[in-house]
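This report concerns only the one structure given below.
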Amino acid sequence: MSELLAVAAVTILAVVSPGPDFAMVTRNSYAYGARAGLMTAVGIACGVQVHVLYTLLGLALLIVSSPSIFFVMKLLGAGYLVYLGLKSLLNTKKLVFGSAESTKPSLVAAFGMGFLTNALNPKTMLFVVATYSQVVQSDSPVSHNVAYGFFMSIAHWVWFSIVALFFSKTTMRQRMLAYQGIVDKSIGLALIGLGASLVFVNVAR
């Protein structure tokens, strides 16, 4: 039970910490509505499973212990976030409440944004690796380890679904769309800053 509580506590703290996932869900929710935001949250939850899978298979130890492999992963994740940040920062298309529905990304595209944002985030990888290596006991049953991984995904899905529903509320969307230029630039700069920071993630164990 203590192991479960430790995993739950670490996961919840990691999930609610602001980061690329939060920025992506916020952007899609206020700009395109609840469905886009909720599908982005689903993509994020599935992205977590990528980290869980290779951690359980032991590949994460290779990535963390090999600076060159980890650096390539960081560059991929940073590059994707910087790309999304630049798109938001340089966006000149003014969305009007109601008209945004016709320009919103498909549900598949929204899912892909969330999935890639999380799957390419080395900070999520370090969180998953640290949880399994520092909190979970080495002799824990495989079924427990798999269940912990699903809990991590569910926690991400629940939290970011709440975020999506909050920022997709009519009054919130109207307010944020009224200041779209400022909001887009703020989110764009945040994504670029988060992407740049990934390159400097300390991997020393």
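The values are calculated or read from the model by the stated rules, or taken from the named source; none is laboratory data. None of the values given here were measured: they were computed from a predicted structure. Every residue, glycine among them, receives a Cβ derived from its backbone with ideal geometry; neighbour counts consider all protein chains shown. Protein only, heavy atoms only, side chains kept; ligands, DNA and RNA dropped before computing areas. Shrake-Rupley method; radii C 1.70, N 1.55, O 1.52, S 1.80 Å.
Observations on the model:
- Evaluating S66 against the criteria (1) within 24 Å of A6 (Cβ to Cβ); (2) of a type in the set (G, A, S); (3) modelled with pLDDT under 80 leaves one unmet condition, (1).
Yes/no per residue for (1) touching a residue at least 60 places away in the same chain (Cβ under 8 Å); (2) in a helix (DSSP H, G or I); (3) over 26 Å from F70 (Cβ atoms); (4) of a type in the set (V, I, T):
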position: N145; (1), (2), (3), (4): yes, yes, no, no
position: M152; (1), (2), (3), (4): yes, yes, no, no
position: W157; (1), (2), (3), (4): yes, yes, yes, no
position: Q174; (1), (2), (3), (4): yes, yes, yes, no
position: V183; (1), (2), (3), (4): yes, yes, yes, yes
position: S186; (1), (2), (3), (4): no, yes, yes, no
position: I192; (1), (2), (3), (4): yes, yes, no, yes
position: A196; (1), (2), (3), (4): yes, yes, no, no
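- Total residues in segment 117-141, condition touching a residue at least 60 places away in the same chain (Cβ under 8 Å) and open to solvent by 70 Å² or more (accessible area, probe 1.4 Å): 2
- Candidate set from segment 88-107 (those that are assigned to a helix (DSSP H, G or I) and at pLDDT below 80); member that is most open to solvent (accessible area, probe 1.4 Å): S102
- The set of residues from segment 154-163 being within 12 Å of A45 (Cβ to Cβ) and either loosely packed, with under 14 Cβ neighbours inside 10 Å or hydrophobic (A, V, I, L, M, F, W, C) (or both) comprises I154, A155, W157, V158, W159, F160.
Here is a yes/no grid of residues against (1) out of contact with any Gly (no Cβ under 8 Å at 6 or more places or on another chain); (2) modelled with pLDDT of 80 or more:
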site	(1), (2)
A155	yes, yes
V158	yes, yes
S168	no, yes
R173	no, yes
L177	yes, no
A190	no, yes
G195	no, no
V201	yes, no
R205	yes, no
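- Residue list for segment 165-197, filter: within 30 Å of L5 (Cβ to Cβ) and under 13 Å from the mean Cα position of the chain (by Cα): L194
- Qualifying residue in segment 117-136 (condition: modelled with pLDDT of 70 or more and over 21 Å from L62 (Cβ atoms)): yes
- Tabulated pairs, segment 8-21, first of a type in the set (D, E, K, R), second in a helix (DSSP H, G or I), C-beta under 7 angstrom, 6+ apart or interchain: D21/I44; D21/T117; D21/N118; D21/F160
- Where helices (runs of 4 or more DSSP H) sit wholly within segment 1-79, those with at least 3 residues that are of a type in the set (S, T, N, Q) and surrounded by 22 or more Cβ atoms within 10 Å (Cβ to Cβ) occupy 20-32.
- Residue match in segment 49-60 (condition: modelled with pLDDT under 80 and among the aromatic types (F, W, Y)): no
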